[in-house]
Amino acid sequence: MALIPLTLYLAAPRGFCAGVDRAIKIVELALEKWGAPVYVRHEIVHNRFVVDGLRARGAVFVEELADCPPDRPVIFSAHGVPKSVPAEAAGRRMIAVDATCPLVTKVHNEAARHHENGLQMVMIGHAGHPETVGTMGQLPPGEVLLVETVADVAHLSVRDPGRLAFVTQTTLSVDDTADIAAALVARFPAIQAPAHEDICYATTNRQAAVKAMAPKIDALLVIGAPNSSNSKRLVEVGRAAGCAYAQLIQRADDIDWRALAGVGAIGLTAGASAPEVLVDEVIDAFRRRFAVTVERVETAIENVEFRVPRVLRALA
């Protein structure tokens, strides 16, 4: 019986960004330098496949520094940590390696600079996300106010409307964030915006690729973890761009084949913490069921690379 034809539109860019690639490399090099176990505070990146692979090699993932013994190295995840965490590690004389994405560190430095200039900060982000917790934790309590939606802006109570600045989480929806930023400026005309876009290049590029292929497809699959902010935003962007069916999957096993019955064109992308091997796995699963034609939808070429910390550079 002949297989039904299917066009699989493959987003480019997709998958690993430079910050994720660097963070994973830091754990691998730390294991090479110090041997197992190496402790990692929070998942190094939000992807179970990646985390399980590193765990099998000797990485131990914990949520708090208190769960780490003082005589083993600890790595801070790519999402960043509050200032209190490295301070605690230093107080315990631990070997600490910071795998915070440099683009997240840029936001931390931006917030600190505005605070030094006497400005109160507003952060556009998701409550409870490790990156938001880490950024807000760079400044004293009350100095960073969180908004998640345009509606939140109307209820914001600030110290001085003329002395404000805002930053954003790096993995947000570009369009939603623009709406919230516009609401902030409308209510607080003197508020200082980031000198350069806080939403990272990888998040922006992956969302642009989804928008570009949305008119061509009947359904969208995003490979990523349920706790991955940038992956969940890709699903939302797909739906907003007209994809009636847009779903987040972790592996090929998560595909709902019944929901895709009769679909002739499917878009496939991957969040910034999803490895390419999972993309290949999904494509292979489609090829077992359909006569697949793969077409790339390329909207940008990425050549960004971040160096690992100096303590690991010789090994790299």
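A compact table of results
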| read-out | value |
| --- | --- |
| Label-point separation, Val311 to Leu156 (7 Å along Cα→Cβ), nm | 3.7 |
| Residues of the stretch 283-316 with amide N under 18 Å of a point placed 7 Å along Cα→Cβ from Thr105 | 304-316 |
| Packing rank of 142-148, 52-58, 171-177, where each peptide gets the mean count of other beta carbons within 10 Å, highest leading | 171-177, 142-148, 52-58 |
| Kirkwood hydrodynamic radius over Cα pairs of the stretch 1-151, then Stokes diffusion coefficient at 10 °C and 1.306 mPa s, in µm²/s | 92 |
| Relative packing of peptides 214-226, 257-269, 185-197 - highest average C-beta neighbours within 10 Å first | 214-226, 257-269, 185-197 |
| Cross-link partners of Lys83 among lysines (Cα-Cα below 22 Å; sequence separation of 8 or more within a chain) | Lys106 |
| Other-chain or far-sequence residues with amide H under 5 Å of Ile4's (modelled H) | Ala291 |
| Model label zone, Gln192; criterion: amide N under 13 Å from point 7 Å along Cα-to-beta-carbon; scope the stretch 85-113 | 109-113 |
| Label-to-label distance, nm, for residues given as Ala291 and Arg258 (7 Å Cα→Cβ offset) | 2.8 |
| Partners for Lys232 among lysines (Cα-Cα distance below 16 Å; same-chain residues under 8 apart left out) | Lys211 |
| Within the stretch 235-267, backbone nitrogen closer than 15 Å to the virtual label 7 Å beyond the Cα of Asp52 toward Cβ | 249-255 |
| All aspartates and glutamates inside 13 Å of Lys216 as judged from Cα atoms, apart from same-chain residues fewer than 8 positions distant | Glu295 |
| Within the stretch 13-60: Cβ-based charge dipole about Cα centre, in debye rounded to nearest 20 (Lys, Arg +1; Asp, Glu -1) | 60 |
| Residue-averaged 222 nm ellipticity for the chain, from DSSP H runs of 4+ at -39500 (n - 2.57), nearest 500 | -11000 deg cm²/dmol |
| Where only C-alpha atoms are counted, convex hull volume of the stretch 152-192 per residue in Å³ | 70 |
| Sites Thr149 and Ile4, calculated FRET efficiency, Cβ-Cβ separation with R0 41 Å, nearest 0.05 | 0.45 |
| Dipole moment magnitude, nearest 20 debye, the chain about Cα centre, only Lys, Arg, Asp, Glu C-beta charged | 420 |
| For the chain, the fraction of alpha-carbon pairs in successive 10 Å shells from zero, as % | 6, 25, 29, 24, 12, 3, 0, 0 |
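Rule-based calculations on the coordinates, nothing more; no lab input. Remember, it's a predicted structure, so these values are computed and weren't measured experimentally. All Cβ positions, glycine included, derive from the backbone under ideal geometry; neighbour counts span all protein chains shown.
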